[in-house]
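Notes follow the structure.
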Amino acid sequence: MAPGILTKDMASTSMMVFPIEEDMPPTLYQNIDEKALVAKSKKHLLDYGTKFEPDVITGCRGLYIYTASGHKVLDWTSGQMSCLLGHGHPEIVKVITDHAMQLDHLFSGMVSPPVISLADRLCNALPAGLDKAFFLSTGGESNEAAIKMAKTYTGKFEIVGIGASWHGVTAQALGAQYHFGRRGHGPLMPGMHMLPAPNTYRSIFRKPDGSYDWEAELEYGWRMIDLQSCGSLAACIVECIQSSGGMHVLPPGYLKALKKQCEMRGMLLIVDEAQTGVGRCGDFMAINHENVVPDILTLSKTLGNGLPLSAVVTSDEVASVAAEKGFFFYTTHVNDPLPAAVGDKVLEILFRDNLIEHSRKCGEILHNGLQKLHSRYGCIGQVRGRGLMAGVEIVTDRESKRPALELAKRVGNRAYELGLWANLSSHPSFGGTFRIAPPITVTESQVEDGLAILEKAFAETEGTLPLY
């Protein structure tokens, strides 16, 4: 077992291992000229749709990232929502080192032990009906493959996505997402349709008592799709928590109802668990929470702990029929051994160290703390999420619910100055929502530390509407 700190999980008899947090920052990039690097970045780095943060990041370890100026920041977004076990986990580092030296990359038609082991471990942990897997590099790539597989299997081509969704930037994945990125580059894939985004906080579909009527909204959405469809509906793709769209959780029962609607039309259900999978939300997969088995499951981000690794998992039947019909998704890095070995180690650590239960327990502390903030600051319109995945939406006031983007930015900047990174995009499509998803190896004290910093940021920022 790698060196680490043993902590007793009070809810279980098992022991969990967390990587040692070093007091000293990483030394890989010491004494660099930050101003010169920033100048070079402005001169040579192509704009790909986001503004870079002002600080240059020179290191990361455990739950923290470090800047060139020596600022230590608690990483509450796991990098790009990916470092599930934290940065530089010693066992992951060893796997990378061993495979970089001995089994890194192969011809795409070859198979290796880590790929077989990962498929075996993953499929055996999933419900029956998710029986076969293959591995790619990114979430967009896995969703592209899943959509292509669904089209091949059904012989149809229309795809239904959900408003506020994010599935990637490749052609079919982008065509099925409605959060951002659809403009400025000509026609998208034909046959793409959208269901209304299930937004408990803002949806206009309401029952007489004012509560959210998602059933009526979903029925209305499918009526609109049936009117638009040319009769070739192949699949519907959905996230259990719409992270990029503002951390919106599907209402209880929604996923089951969605699958029923798909079955009525001879469609496949694809569930994208890029951010929700592998223990993040207090279950192995978010589908376990609703006990729904999709026809195709896609994974990425969390599975590779920050390395480029994604997965497509489906049933024996879908795999067999798709293969007979000539399905292919042959890429340079399909089933690469090095990232597969990392994914296999991630799952081993997840189950060995009881991290799903730990995620659930720390998630309760996180959400209780965020709800306390909600009770203390009128600019917080809603707190939502599940497990170690949370959204905090900032508004000008709770009556109008108008997004307060500038205020949210000031709160986020202050939290960063105080030592906490919680992702907030100023783009209007995010609605001014902090997206919080720390590594699931976070300790209870680190959750409390982050909450204390966030509390101080709200307290010290003008316009947060204190209620005390």
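A few comments on the model shown:
- Considering residues of the stretch 80-121 that are open to solvent by 40 Å² or more (accessible area, probe 1.4 Å) and charged (D, E, K, R) only, the residue nearest to I65 (Cα to Cα): K94
Per-residue answers, yes or no, for (1) crowded, with 24+ Cβ neighbours inside 10 Å; (2) touching an Asp or Glu at 6+ places or on another chain (Cβ under 7 Å); (3) without any contact (Cβ under 8 Å) to a residue 24 or more places away in the chain:
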| position | (1), (2), (3) |
| --- | --- |
| R182 | no, no, yes |
| P190 | no, no, no |
| H193 | no, yes, no |
| P208 | no, no, yes |
| E215 | no, no, no |
| Y220 | no, no, no |
| S229 | no, yes, no |
| C236 | yes, no, no |
| S243 | yes, no, no |
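- Number of positions in the stretch 122-152 that are surrounded by fewer than 20 Cβ atoms within 10 Å (Cβ to Cβ), farther than 18 Å from A319 by Cα and out of contact with any strand residue (DSSP E or B) (no Cβ under 7 Å at 6 or more places or on another chain): 1
- Qualifying strands (runs of 3 or more DSSP E) (wholly inside the stretch 177-290; at least 3 residues being under 16 Å from the mean Cα position of the chain (by Cα) and closer than 20 Å to S165 by Cα): 268-272
- Residues within the stretch 31-62 that are in a helix (DSSP H, G or I) and open to solvent by less than 100 Å² (accessible area, probe 1.4 Å), tallied: 6
- Selection from the stretch 143-163 of residues that are out of contact with any Leu (no Cβ under 9 Å at 6 or more places or on another chain), under 12 Å from S232 (Cβ atoms) and not in a loop (DSSP other than H, G, I, E, B): K151
- Filter result (in contact (Cβ under 8 Å) with a residue 24 or more places away in the chain, of a type in the set (D, E) and open to solvent by 20 Å² or more (accessible area, probe 1.4 Å)) within the stretch 369-413: D397
- Restricting the stretch 366-415 to residues that are among the small types (G, A, S) and in contact with a His (Cβ under 8 Å, 6 or more places away or on another chain), the residue that is farthest from E462 (Cα to Cα): G385
Here is a yes/no grid of residues against (1) of a type in the set (S, T, N, Q); (2) at pLDDT 95 or above; (3) touching a helix residue (DSSP H, G or I) at 6+ places or on another chain (Cβ under 6 Å):
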{"site": "A68", "(1), (2), (3)": "no, no, yes"}
{"site": "H71", "(1), (2), (3)": "no, no, no"}
{"site": "Q80", "(1), (2), (3)": "yes, no, no"}
{"site": "H99", "(1), (2), (3)": "no, yes, yes"}
{"site": "V111", "(1), (2), (3)": "no, yes, no"}
{"site": "A119", "(1), (2), (3)": "no, yes, no"}
{"site": "N124", "(1), (2), (3)": "yes, yes, no"}
{"site": "S137", "(1), (2), (3)": "yes, yes, no"}
{"site": "T152", "(1), (2), (3)": "yes, yes, yes"}
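- Taking the stretch 274-315 as the range and being open to solvent by less than 10 Å² (accessible area, probe 1.4 Å), among the small types (G, A, S) and touching a Leu at 6+ places or on another chain (Cβ under 8 Å) as the test, the residues that pass are G277, G279, G282, S300, S310, A311.
- Yes/no for T441 being in contact with an Asp or Glu (Cβ under 6 Å, 6 or more places away or on another chain), open to solvent by less than 10 Å² (accessible area, probe 1.4 Å) and β-branched (V, I, T): no
The values are calculated or read from the model by the stated rules, or taken from the named source; none is laboratory data. All values reported here derive from a predicted model rather than from experimental measurement. So basically every Cβ, Gly included, is an ideal-geometry build from the backbone, and we count neighbours across all protein chains shown. Heavy atoms of the whole protein, side chains included, go into the accessibility calculation; ligands, DNA and RNA do not. Shrake-Rupley method; radii C 1.70, N 1.55, O 1.52, S 1.80 Å.
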